[in-house]
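Participant: This structure is in structure tokens; I'll ask about it shortly.
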Amino acid sequence: MTKTIFITGASSGLGKAAAILFANKGWNVIATMRKPEKETELTHIPNVTVMPLDVTSLEQIEATAGQVLESGGVDVVFNNAGYGLAGPLEGTTDEQLIAELDTNLLGVIRVTKAFIPHFREKKSGLFISTTSIGGLIALPFNSVYHATKWALEGWSESMAFELAKFGIGIKTVSPGGIATDFASRSLVLTQHDAYDELVGKVMSVFGDPGRAINYSTAEQIAEVVYEAATDGKTQLRYVAGEDAKAMYARRLAVGDETFRAGIDNLFFN
């Protein structure tokens, strides 16, 4: 029987790569995005259905989920919509804070909540959420982004207990750097004069071409999402990408405080 995956944030990057991969593997794919009228690639794949969804709109989440479930079942929900907010907290507006939390955290929680009754009734189903290595470690000037991703990791770990009793799984995929246009398309930068020198140091490290050597392609991370969707394991976390695996392994090996000291040294010395 053909399985169906529901994907948020499928207009570019990992979301689009996952939609294409699952479609090529014979799945039915419901690829959602804020502006489906601009999509030109996914609309030409026979087993992909493109639908509008802004995950900051509870009304649209409920309407889209209802429409999808009326037309047939869903086996996997891949919560992928999200974007970065970077820069000094002092330079962040309240509107920027709310938008980041709405998209990265509340959007995932609300989409999940909309599909739980369907999964509970059929006693099966799986939620996968894109978190980030930034949900397991922290870097300077990404505090609000980290707040959403660490929250998702804790939320998912708690949810795993209550969903498992109904045969429902939940997993996180935590990528490191992905060679996409995330930085230009999915990143909002804040500014504050008092932090210009510090931000400059951090940006010079992030901008080092050597860092990108270990970045993954969106297609490589999509393969990890497919693994999580099909391996039948109860494993919660899938750290994805060589850079992310190395960074997380180091944190676990040396402990939190030594790891933090290393991050401080990397960016500010």
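The values are calculated or read from the model by the stated rules, or taken from the named source; none is laboratory data. In this text the structure is predicted, and so the values were computed from the model without any measurement. Cβ: placed from backbone, ideal geometry, glycine included. Neighbour counts: every protein chain shown.
Participant: If I ask for residues that are charged (D, E, K, R) and surrounded by fewer than 15 Cβ atoms within 10 Å (Cβ to Cβ), which ones from the stretch 202-222 would you list? Write out each step before concluding.
Facilitator: As a first pass, look at the stretch 202-222 and keep what is charged (D, E, K, R): 208, 211, 219.
Asp208, Arg211 - these are the residues of the stretch 202-222 that are charged (D, E, K, R) and surrounded by fewer than 15 Cβ atoms within 10 Å (Cβ to Cβ).
Participant: Return the pairs, sorted by first residue and then second, in which the second residue is among the β-branched types (Val, Ile, Thr) and in a helix (DSSP H, G or I), the first residue lies in the stretch 190-215 and is within 20 Å of Met247 (Cα to Cα), the beta carbons are less than 8 Å apart, and the residues are 6+ apart or on different chains.
Facilitator: From the stretch 190-215, the pairs are Arg211/Val205.
Participant: Also: Among Ala179, Ala160, Ala114, which is the only one that is at pLDDT below 95 and more than 25 Å from Thr258 (Cα to Cα)? Before you say what the answer is, go through the steps one by one.
Facilitator: On the way: Ala160 fails: at pLDDT below 95; Ala114 fails: at pLDDT below 95.
Result: Ala179 is the single residue among Ala179, Ala160, Ala114 that is at pLDDT below 95 and more than 25 Å from Thr258 (Cα to Cα).
Participant: Something else about it: Restricting to the stretch 41-94, and then to whatever is touching an Asp or Glu at 6+ places or on another chain (Cβ under 7 Å) and of a type in the set (Val, Ile, Thr), can you tell me which residue is nearest to Ala23 (Cα to Cα)?
Facilitator: Val50
Participant: Does Thr4 count as under 16 Å from Phe115 (Cα atoms) and surrounded by fewer than 23 Cβ atoms within 10 Å (Cβ to Cβ)?
Facilitator: On the way: under 16 Å from Phe115 (Cα atoms): yes; surrounded by fewer than 23 Cβ atoms within 10 Å (Cβ to Cβ): yes.
Yes.
Participant: Please tell me if Val225 is in contact (Cβ under 8 Å) with a residue 24 or more places away in the chain, assigned to a helix (DSSP H, G or I) and in contact with a strand residue (DSSP E or B) (Cβ under 6 Å, 6 or more places away or on another chain).
Facilitator: Working: in contact (Cβ under 8 Å) with a residue 24 or more places away in the chain: yes; assigned to a helix (DSSP H, G or I): yes; in contact with a strand residue (DSSP E or B) (Cβ under 6 Å, 6 or more places away or on another chain): yes.
Judged against the criteria, Val225 is a match.
Participant: Let me ask another. With the requirement that a residue be at pLDDT 95 or above and over 23 Å from Phe22 (Cβ atoms), what does the stretch 214-241 give you?
Facilitator: Those that are at pLDDT 95 or above and over 23 Å from Phe22 (Cβ atoms): none in the stretch 214-241.
Participant: For the list (1) without any contact (Cβ under 8 Å) to a residue 24 or more places away in the chain; (2) touching a Gly at 6+ places or on another chain (Cβ under 9 Å); (3) of a type in the set (A, V, I, L, M, F, W, C), I need the number of the one condition that Ile98 fails.
Facilitator: With respect to (1) without any contact (Cβ under 8 Å) to a residue 24 or more places away in the chain; (2) touching a Gly at 6+ places or on another chain (Cβ under 9 Å); (3) of a type in the set (A, V, I, L, M, F, W, C), Ile98 is out only on (2).
Participant: Could you check the stretch 110-128 and list, in sequence order, the residues that are touching a helix residue (DSSP H, G or I) at 6+ places or on another chain (Cβ under 7 Å), of a type in the set (Val, Ile, Thr) and within 17 Å of Thr64 (Cα to Cα)? Let's see the steps before the verdict.
Facilitator: Step one: filter the stretch 110-128 for residues touching a helix residue (DSSP H, G or I) at 6+ places or on another chain (Cβ under 7 Å), giving 110-111, 114-115, 118, 125-128.
So of that shortlist, the ones also of a type in the set (Val, Ile, Thr) come out as 111, 128.
Within the stretch 110-128, Val111 is the sole residue that qualifies.
Participant: Residue by residue through the stretch 1-16, note down the ones that are modelled with pLDDT of 95 or more and assigned to a helix (DSSP H, G or I).
Facilitator: Once the filter is applied, which keeps residues that are modelled with pLDDT of 95 or more and assigned to a helix (DSSP H, G or I), the stretch 1-16 yields Leu14, Gly15, Lys16.
Participant: Report, by residue number, each residue of the stretch 16-28 that is touching a Ser or Thr at 6+ places or on another chain (Cβ under 7 Å) and either closer than 24 Å to Ala179 by Cα or not hydrophobic (A, V, I, L, M, F, W, C) (or both).
Facilitator: Narrowing the stretch 16-28 to residues touching a Ser or Thr at 6+ places or on another chain (Cβ under 7 Å): 26-28.
Within the stretch 16-28, Gly26, Asn28 meet the criteria.
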